[in-house]
Each structure stands twice: as C-alpha cells, then as structure tokens.
Amino acid sequence: MFTIITGAQFGDEGKGKVVDLMAGDYNIVARFQGGDNAGHTVKVKDEIYKLHLIPSGFLLDSRVLIGPGTVLNPEIMVEEIRMLEEAGVKVSAEKLGIDGKTSIIMPYHIELDGLREATRSEKIGTTKRGIGFAYIDKIARDEVHFSDLVDEKRLMQRLSDIAPQKEEEIKAIGGDPSIVTESSLVDRYISLGRELAPYIADVSYEINKSLDEGKSVLAEGAQGSHLDVIHGTQKFVTSSSTIAGSACANLGVGPTRVNEVLAIVKAYITRVGAGPLPTEQEGDAGQHLHDVGHEFGTTTGRSRRCGWFDMPLAKKSVYLNGYTSAALTKLDVLTGLDPVKICVGYELDGKVIDYPPEDTSQLARCVPVYEEMEGWDADLTSVVGYEDLPQKARVYVERLEKLMGIPVKYISVGPGREQTFMK
Ligand code: GDP
Ligand code: IMO
Ligand code: MG
C-alpha cells in the first residue's frame, strides 16, 4: 500500500495531525520535499509537538524517512531529535533514516535567502530558512549532500570547490562572504555530520523493497499545492514541487505503485506570506477564522491570512494531485459564523469562471462569487461521528464534496488525535 498525502491549499491544512493519526497503519512515513520551512503541529493528549523536518509518524511504530528531494538543515534536525528524546521519544537509527543524497542547507543559503528577500521590491515573504537557495544549488549541482556532511574529508573538499563562487554571490548581493568558510560554522557542521551519520539511508531502495514485501508506505507532503514551484501562484511559491506526483519523482517510486492520494483540506483557507488569496476576509469573518482557528504560522509565528473556502483553487488541486479522497480539517472553526460562504467562481474582466486563471496577476484581480450556506452554533469539538454533526454542518460538508468531486473520508474537529472521525 502506497499512500500520498498533500496539502490542497497554501499549506498548514493540518497535514501533521492527519499523518500522526494515520501513521499507525503504515510501516514507513517519508517526507519527499521541502525542508524546515514546513511546520507541523501534532497534539496527543496534553503534549504538543511542533516539528519542521521529522515526518509526523514519529510517535508511532513507523520508520520515518527523509527522502533525497528534501533540503535539510542539520542544526534543526539535531534539535528535533534532542527535543523528542527529552520528551521520551527515542530516535534511533532504526527509527529514522536520511537519504545520502539529501541536499544540506548551509549557513550561506540562509544568509542568501535573507539578503535576496531584503532586496526584492515586491517580497515573497519566505520563511528565511534558505530553502530556495539550497534548491538552486541542487539543480546547479553545487550542493553539499548528506553523504558529504557525514564525512569530514569529503565535506572539506566539497566546500573548497564551492566556496569561491558562493563568496562572490554573497558579495554581489551586499553580504559578508566570510560566512562561507568561517571556521566555527564549518566545525559545527562537521560535528553535526558526526552526530547524524548513523541515520544515513537509501530511501528509494528501502521504500521499494518494503512495498515488495507487502508493507505500507505513507508519503507526507509539506506546504500546499498552490505553493508548488511549477503549478503554484508564482512567484509567491516555495521552491519545491508540492503535488502528489512529486512524491514519486522525489522518493524514486514509480507511479504504478500509488494506491491512494489523500487531500488535506481546511474547511476555509489560509495563507502565510505574500501572494493572491481571492477569498481573504479582512472583516469580522476573517477575524473569527484567525482567532478561533489560532491561525499563526508554526515556523515563523506570523499571522496567517484567512478567507472562505475557495472552490476554484480546490478544483485545481484535485487536477494537480489526482486525489482519491480528502480529509477535511478545522470544521469546528466555522461554528458561530452565519452565513458560511463557499467561493464557487470568480468574476474576471466581466466574465464568471469556475477555475483559476493560470496567470498569478490575473488571479490577484479575481473577485469571488459566493454561494451562501446557513451556519450552525453547536460546538463540534467533541463530535465523534458524522451523524452527530448538526444538519447544517453536514449540508456544508456534502456541498464541498459534490463541488470538489471527491469523497471526504475523514473529518477533523479539533487539534487532538481523538477529534477526528471517518465520514
Ligand atoms: P500542517 O503544516 O499542514 O501540518 O499544519 P499546521 O500544524 O502548521 O497547522 C494546523 C494547525 O491546526 C495546528 O495547530 C493543528 O494543531 C491545528 N488543527 C489541526 N486540525 C484541526 C482541527 O480540526 N480543528 C482545530 N481547531 N485545529 C486543528
Ligand atoms: P507547511 O508544511 C505555509 C510559504 C512562505 C512563503 C513561501 C516561500 O507547514 O504547510 P520558502 O521559505 O518556502 O521559500 O517561502 O512559502 N511557506 C509555507 N506556508 N505552510 C508551509 O509549510 C510553508 N512553507 C513555506 O510563507 O510565502
Ligand atoms: Mg504548517
């Protein structure tokens, strides 16, 4: 069984929570793209774990893998391993594997990210974690691999080859080039490499072999479909492919192996950072979604922008990912709003369309066309079955299902594991 999970909106849909919930049924949970720009919150009883890199299956028996298509900041990785160990979760080499070909985020990538963002007249609002610059080096074949990091001699050789060009880049953008070879940073990376060495793995081989043995594998996406570097709202996107096909390409697993593609979709929409969000609400409804949904970024603490459910964007996600079903999260947050609105189309240049225009500047000019639904007042956070939802909430869920054209399999009504049920 090979299942892929991706975010259907702009990230923070609750992927971490759903992966934690499902991980019990999977032998392996693997991250396939992104880096510590991701921030996943997993709540189990009173414990809250906020993680950026370690796949969200870490609490259960699954083996967790970081695939070679991710970009890895070793400092964050070691911090997360420590944090989990302090919380009593042992992260042994049997538990965690990191592919040798994973690109390492170097201090100069973080520096370049910050410098570039500062010089942009129109900001992207990146997480300043060096993600884009680490991916530039991967594509340019100038990256440091995880297998270089764990071998001091190889790391020094690699750095001496890359350093002159990196120094020029930093100088050209107004920064201090000494960061590239600063001895304390290099020593720190050598020591992080030593600490992480036991985790080295061949992720593609492991996953394919496990599938051959009849085991089950869950690929956990980071970010969301509209932040995809190819199909998203350029330039306001991240630097990796966030859609389901990316799991195959980045993990080295053929598309014929895929059994299920699950959308994680919020009952409304949020976005952190810049870029179009046609249904954004700046008045009372937006404030309600923000406050009740605690919509603050897990990675940067920034306020998330909030709006009504955007069906044209959801339909595009269904096309981009080939979803077989969805998990609908944060339905509880809509309690108390009346009416509840679904954006079913946009008005653009005098025409009504039901699918997003490809061009980002056109999307930014789209005016939402809403369908209004009756709201409900009941608190949903202790609902444990579909039939116990207020009738108006069920009408809302079924309307989303019909318009998206895929079944809703799970409904989430709170951050806790137990606050989820099958529809
Ligand atoms: P991810 O990046 O997709 O993993 O999502 P985040 O963890 O960044 O953001 C989702 C936030 O919503 C987290 O704080 C979760 O604990 C919380 N959450 C997840 N599902 C629900 C839900 O159904 N209801 C409520 N109220 N909170 C939820
Ligand atoms: P999870 O996995 C929400 C956004 C940033 C910025 C843009 C580019 O928690 O859903 P980057 O640092 O990637 O170059 O920033 O992408 N972004 C996210 N937004 N959730 C995320 O991850 C995100 N990761 C990146 O805010 O707009
Ligand atoms: Mg998040």
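Neighbour counts of C-beta atoms inside 10 Å place Lys90, Lys166 in the sequence Lys90, Lys166, starting with the fewest. Beta bridges from DSSP with both residues in the chain: antiparallel share about 40 percent, rounded to the nearest 5. Checking every one of the GluC sites (Glu not before Pro) in region 271-313 against DSSP loop status and a limit of 16 other Cβ atoms within 10 Å picks out Glu282. Taking only the Cα atoms of region 123-210, the radius of gyration and Dmax are 15.2, 49 Å.
Over the chain, DSSP H runs of length four or greater, each weighted -39,500 (n - 2.57), average out per residue to a 222 nm ellipticity of -10000 deg cm²/dmol. Within the same chain, lysines fewer than 8 places from Lys101 are excluded, and of the rest, those with a Cα less than 16 Å from its Cα are Lys138. Restricting the GluC sites (Glu not before Pro) of region 111-196 to loop positions (DSSP other than H, G, I, E, B) with no more than 10 neighbouring Cβ atoms within 10 Å leaves Glu122. Once the other residues with Cβ under 11 Å from the Cβ of Leu363 are scored (Lys, Arg +1; Asp, Glu -1), what is the net sum? Summing Lys/Arg as +1 and Asp/Glu as -1 gives -1. Under 12 Å of direct C-alpha separation, and excluding same-chain neighbours fewer than eight residues apart, Lys43 reaches these aspartates and glutamates: Asp20, Glu418.
For the chain, the normalised intensity computed at q = 0.08, 0.12, 0.13 Å⁻¹ comes to -0.43, -0.97, -1.12 (log10 of I(q)/I(0), Debye sum over alpha carbons, equal scatterers, no solvent). Charges were assigned to the Cβ only: +1 to each Lys and Arg, -1 to each Asp and Glu. The resulting dipole of region 156-301 about its Cα centre is roughly 280 debye.
Here are some pairs, Lys215/Lys402; Lys15/Lys90; Lys128/Lys316; Lys50/Lys166; which of them have Cα atoms lying more than 30 Å apart in this structure?
Distance filter (> 30 Å) returns Lys215/Lys402; Lys50/Lys166.
Quick one, what does Rg over Rh come out to for region 20-92 if you take C-alpha atoms and the Kirkwood Rh?
Rounded to two decimals, Rg over Rh is 0.93.
With only the Cα atoms considered, region 248-299 has a convex hull volume of 148 Å³ per residue. Could you tell me which residue out of Leu251, Gly275, Val333 lies farthest along the dipole of region 226-374 toward its positive end? Charges go on the beta carbon: Lys and Arg +1, Asp and Glu -1, centred on the Cα centre. The residue sitting farthest along the positive end of the dipole is Leu251.
Values in this text are rule-based calculations from the coordinates and carry no lab data. Computed from a predicted structure; not experimentally measured. Please note: Cβ atoms are built from the backbone with ideal geometry, for glycine as well, and neighbour counts cover all protein chains shown.
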